[in-house]
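The values are calculated or read from the model by the stated rules, or taken from the named source; none is laboratory data. Here the structure is a predicted model, which means the values were calculated and not measured. All Cβ positions, even for glycine, are placed from backbone atoms using ideal geometry, and neighbour counts span all protein chains on display. The accessibility values were calculated without ligands, DNA or RNA, using every heavy atom of the protein model including side chains. Shrake-Rupley method; radii C 1.70, N 1.55, O 1.52, S 1.80 Å.
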Amino acid sequence: MAATSRLKGPTEASWIATLLLLAALAWSAYNFSSRTPSPLPFDAPLNSFSEGRARRHLDHIASVGPHPVGSPALDSVHNYLLQELEWIEEHASGKVVVEVDVQEGENGVSQLSVGPFSGKSLAYQGLRNVVVRVRGAQWGVKDETSESWHAVLLSVHTDSVYPSPGASDDAASVAILLELIRTFSLSFPASVGANALLFLFNEGEEEGLDGAHAFITKHRWSDNVRVAIDLEAMGSGGPHTLFQAGPSNWLLNHYVESAPHPAGNIVAQDIFLNNLINSATDFQVYRDVGGLSGLDFAYIKRGHVYHTKNDRPEYVQPGALQHSGDNLEALLRRVVVSTELAEQERVFPPEGSSKPVPYENVFFDFLGLKLISYPFAQAASSYLTLSAILPVLVLLPTIFPSQKGPAYARVTIPRAHFFLVPLTAFLTQALTLVGGLVMAGSRAYLLAVSKPWPNPAYARPWLVVPLYGGAALAGAIGVQGLGAAALRKVLAKTPSISVESVLFRASLLQWFALLVVMTRAGVGSAYIPLLWALAGTLACTVRPKVRMEASLLSTPGFAATALAASLTATAAIGLTDVMNSSAGRFDKSPGASPVYLLEVVISILVAVFALLATSYFLPYAHSKGLKSSFTIAAFFLAVSSIAAGLVTWDVFPPFTAEAALPINLVHVYDTSAQQSYISLSSLAPGRSVEGLVAGLGARFNVSRGSGPDFVTYEVGYGARTVDAVPPPPGVKTEAPSFALLFDHHVAHELETGVKEIDVGMHAGGSRRWALGIDVRRVQGFSISSVTGDGRLDRSSAKVLVPMTVDPVASDSKAGWHIVQFAAGSGPADDFVMKLRIHPDAHVERLNSDAGGAYHTEGRPLLKLRTDFDVTTPHLQAVLDELPVWTTEFGKSTSPYRLAYLASFDFE
């Protein structure tokens, strides 16, 4: 009786060593593709981009500290910017014209239908944008005054979130643009026609993409823009990675041809378009509001410093600015002379659509050497064709037996077993995936419920590999070993049958199936299963020249894994790093998700990558039988258990001074309840607040479901002081208030039966507030700013938010439409709202006098939070006691250190 063929030589140790070799190859490929060029020094030739010179701008801007909209620190940044631009303008070549235009005092509102700001009105007032036009001096008068000139827009934002000095987000990009302007002011390429470069330094990106909206809808040069480039950051290191491109592929194609250090991947674009990360950039405004195509770049490494006090210049990786500057200079010198620039048309999404215009191209870089890009529409049909043809070619050996090559590399399934063998193989592969996911998810769940701190690998991302990758491999190898044993019994009477090759081909068909699913779903990242499927197909069709059954290096599994892993390591490792560093801001509101959810999500992500990346190689773990399979599985389980023990015993603490736990610490004054207290919360899932307050001198009560309502989110899990905290020193002048405004009637009834009322709102001098409007009762609203006493004289009213009919709720379950307001210079203290109450809402006048009171049971009609960048003495006392491994975290929805709450009821 002939036995089933298997590898004769490799031991358990050699299999593990070979897998570690594959992991080292993937890690090397990732590091190689993430390299940055050597920075040029400050005294580099003046006609070249120099990181040394750009660093001077970065250091100065970050040195002013946090500079949010409306702050004196942002005024300092603005003045520095104008000073540097004036110097550049004075020292420009006689063949180049540099024009600086300040867009000041703009009021407006954007209401986006896509992304994290959908269902919100993003209002702004008094913002300042600095726009620089650089062009050749050969223009005639007609070119300067007419609409015949065309421009490439480069955009950055000058503001930071309130707790962060904003070195990477976005001072680094501001510095890059200043150095680019200086470079082009000395040497502007001679262009055919009137083409120019526009450099936009906008305010208010962190508050809701406000400055970009003000430019694209109101600036006199905005109509001349043909394509847009946005520079951003989600971290402080690595290459400036292209993560969104399109919808048109014209500018992308030029980037492909010109960039000396290309870096980009469509994976992040798929994530953004599907709202898997709760974030947005100015590029969304240029695309959806302006109809522009373009490119969006971001730094993504070391993401745990994002929007925290640790976003400092010393954490911006050397070479990061040079990488971006070299690429952009080469790209701009190419496109600004193109006659095709004038032909780029604006494309808008259909009215009322919740999705942007589809992108045209797939893009990803090959080890940072070359950016590969091709149209997705044409590629999709090729993907599906390959998925239909190549699997048949791979399965031909099962129909036409071959006697060539080593036994482990061929499959000759007898026709009697033609259905049983594939069925067993596919079932084995499916259970292998399930086993690995269950093992990794269980490990994450147990860690999350046993420790108060979320994400034990936050400060050390590499820990997810032994923690969850090891657990996944242990579960997968154990399950697959049982399946391999079952296959051997099925093939016991069949000579020269390789169980390893059967499972290899089953893995290959899994990749083809994933390729079909992702292609049909329109996911650009389908190129990843394509590469793995092609690598597997190539490995099983090309025979080794030398028979080396004892060497795993000669197997198709090693060859396919080494090739595909090297090509896709950047996407897989980069995405894992981004998800891990996003752990501190995972929840939209504190306590919104179960304590274990984030850790389980990360573990599943790592497990999926680990199992898919080893799918071709895992079958060779069973060459010496079931005992060998269990031995290897036990090894990886031990590795995972040791890593779990190290994080459980805090040998590797989850947080450090650099990778700190993001928190929100706010002095809250509730005007309705006349309560003053300190609130402590975190957007990181878990029970971190309980561990924090235990070490604080001030008494805090930790609870779920009873935290403050900050309008933009509710604190579902957090702590607040038990003892009374004195009201803020400025409570008498800063506290906001509402008032029903009386003319001749309490409520004016429109012909449709809708009740229309006017409500006055006093913001107490706040330059930043958030207003919640109950869309279950309000059918339409408008907001105007007024000067003086708005209750008596509304002749000075300026429309801030025009009448919005049937406002959409930012959260359909909660039923609130959120208005976020940010002001630069000279904010108005008073606002007037016109509210149209739904005809089914009961309206009752309690008192006909001007001082009549109106109320309703349950939730209010309006709720308001006003913010002040003020640190009260009691808040400072808590700040001084916080451990060094905590940091305040800021975002567009987060309150400042002092927040007032108010509400308005009307029946």
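What do you reckon, is residue 295 under 19 Å from the mean Cα position of the chain (by Cα) and either open to solvent by 10 Å² or more (accessible area, probe 1.4 Å) or of a type in the set (Gly, Ala, Ser) (or both)? So residue 295 fails the test.
For residue 65, the conditions (1) crowded, with 20+ Cβ neighbours inside 10 Å; (2) modelled with pLDDT of 95 or more; (3) small (Gly, Ala, Ser) all hold with the exception of (1). Condition first: among the hydroxyl-bearing types (Ser, Thr, Tyr), open to solvent by less than 80 Å² (accessible area, probe 1.4 Å) and in a helix (DSSP H, G or I). Now tell me which residues in the range 307-361 satisfy that. Those that are among the hydroxyl-bearing types (Ser, Thr, Tyr), open to solvent by less than 80 Å² (accessible area, probe 1.4 Å) and in a helix (DSSP H, G or I): 315, 324. The residue of the range 449-467 that is nearest to residue 885 (Cα to Cα), among those that are open to solvent by 10 Å² or more (accessible area, probe 1.4 Å) and in a helix (DSSP H, G or I), is 461. In the range 754-781, of all residues being in a strand (DSSP E or B) and in contact with a Ser or Thr (Cβ under 7 Å, 6 or more places away or on another chain), the one that is farthest from residue 670 (Cα to Cα) corresponds to 780. Considered as a group, the residues in the range 543-569 that are touching a helix residue (DSSP H, G or I) at 6+ places or on another chain (Cβ under 8 Å) and open to solvent by 40 Å² or more (accessible area, probe 1.4 Å) include one that is modelled with the lowest pLDDT, and that residue is 546. Quick check: anything in the range 664-678 open to solvent by 40 Å² or more (accessible area, probe 1.4 Å) and in a strand (DSSP E or B)? Yes, the range 664-678 contains at least one residue that is open to solvent by 40 Å² or more (accessible area, probe 1.4 Å) and in a strand (DSSP E or B). Assessment of the range 41-61 against the conditions (assigned to a helix (DSSP H, G or I), closer than 22 Å to residue 332 by Cβ and free of Cβ contacts under 8 Å to residues at least 12 places away in the same chain) yields no matching residue.
Each row is one residue, and each column tells you yes or no for (1) over 23 Å from the mean Cα position of the chain (by Cα); (2) at pLDDT 95 or above.
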| residue | (1), (2) |
| --- | --- |
| 638 | yes, yes |
| 660 | no, no |
| 663 | no, no |
| 666 | yes, yes |
| 669 | yes, yes |
| 695 | yes, no |
| 709 | yes, no |
| 716 | yes, no |
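Considering every residue within the range 698-705, establish whether at least one is touching a Ser or Thr at 6+ places or on another chain (Cβ under 6 Å) and either open to solvent by less than 10 Å² (accessible area, probe 1.4 Å) or among the hydroxyl-bearing types (Ser, Thr, Tyr) (or both). Scanning the range 698-705, I find no residue that is touching a Ser or Thr at 6+ places or on another chain (Cβ under 6 Å) and either open to solvent by less than 10 Å² (accessible area, probe 1.4 Å) or among the hydroxyl-bearing types (Ser, Thr, Tyr) (or both), so the answer is no. Among the residues of the range 24-49, those identified as within 14 Å of residue 183 (Cβ to Cβ) and open to solvent by less than 50 Å² (accessible area, probe 1.4 Å) are 44, 48, 49. Within the range 468-482, is there a residue that is open to solvent by 50 Å² or more (accessible area, probe 1.4 Å) and farther than 24 Å from residue 16 by Cα? Among the residues of the range 468-482, not one is open to solvent by 50 Å² or more (accessible area, probe 1.4 Å) and farther than 24 Å from residue 16 by Cα, which makes the answer no. Per the listing 226, 182, the residue uniquely modelled with pLDDT of 95 or more, charged (D, E, K, R) and out of contact with any strand residue (DSSP E or B) (no Cβ under 9 Å at 6 or more places or on another chain) is 182. Output the number of residues of the range 72-115 satisfying the condition of being hydrophobic (A, V, I, L, M, F, W, C), touching a helix residue (DSSP H, G or I) at 6+ places or on another chain (Cβ under 7 Å) and either surrounded by fewer than 16 Cβ atoms within 10 Å (Cβ to Cβ) or assigned to a strand (DSSP E or B) (or both). Total satisfying the criteria: 3. Considering only residues in the range 185-243 that are hydroxyl-bearing (Ser, Thr, Tyr) and assigned to a loop (DSSP other than H, G, I, E, B), the one that is nearest to the chain's Cα centre (by Cα) turns out to be 236. When each of 492, 526, 506 is tested for being outside the structural domain of residue 273 (by the TED database) and over 41 Å from the mean Cα position of the chain (by Cα), the lone residue that passes is 492. Of the residues screened, residue 253 is not one that is open to solvent by 10 Å² or more (accessible area, probe 1.4 Å) and either touching an Asp or Glu at 6+ places or on another chain (Cβ under 9 Å) or in a loop (DSSP other than H, G, I, E, B) (or both). Checked against (1) of a type outside the set (A, V, I, L, M, F, W, C); (2) in the same structural domain as residue 737 (by the TED database); (3) touching a helix residue (DSSP H, G or I) at 6+ places or on another chain (Cβ under 9 Å); (4) touching a residue at least 24 places away in the same chain (Cβ under 8 Å), residue 701 meets all criteria but (4). Going through 281, 308 one at a time, which residue ends up being polar (S, T, N, Q), assigned by the TED database to the domain that holds residue 58 and touching a Phe, Trp or Tyr at 6+ places or on another chain (Cβ under 7 Å)? The match here is 308. From the list 21, 82, the one residue that fits, being farther than 21 Å from residue 312 by Cβ and modelled with pLDDT of 95 or more, is 82. Put simply, of 369, 341, 384 the only residue that is over 21 Å from residue 227 (Cα atoms) and in contact with a helix residue (DSSP H, G or I) (Cβ under 7 Å, 6 or more places away or on another chain) is 384. Scanning the range 478-509 for residues that are under 30 Å from residue 274 (Cα atoms) and in contact with a helix residue (DSSP H, G or I) (Cβ under 6 Å, 6 or more places away or on another chain) yields 508, 509.
The set of residues in the range 387-418 being at pLDDT 50 or above and surrounded by fewer than 17 Cβ atoms within 10 Å (Cβ to Cβ) consists of 388, 389, 392, 393, 395, 396, 414, 415, 416, 418.
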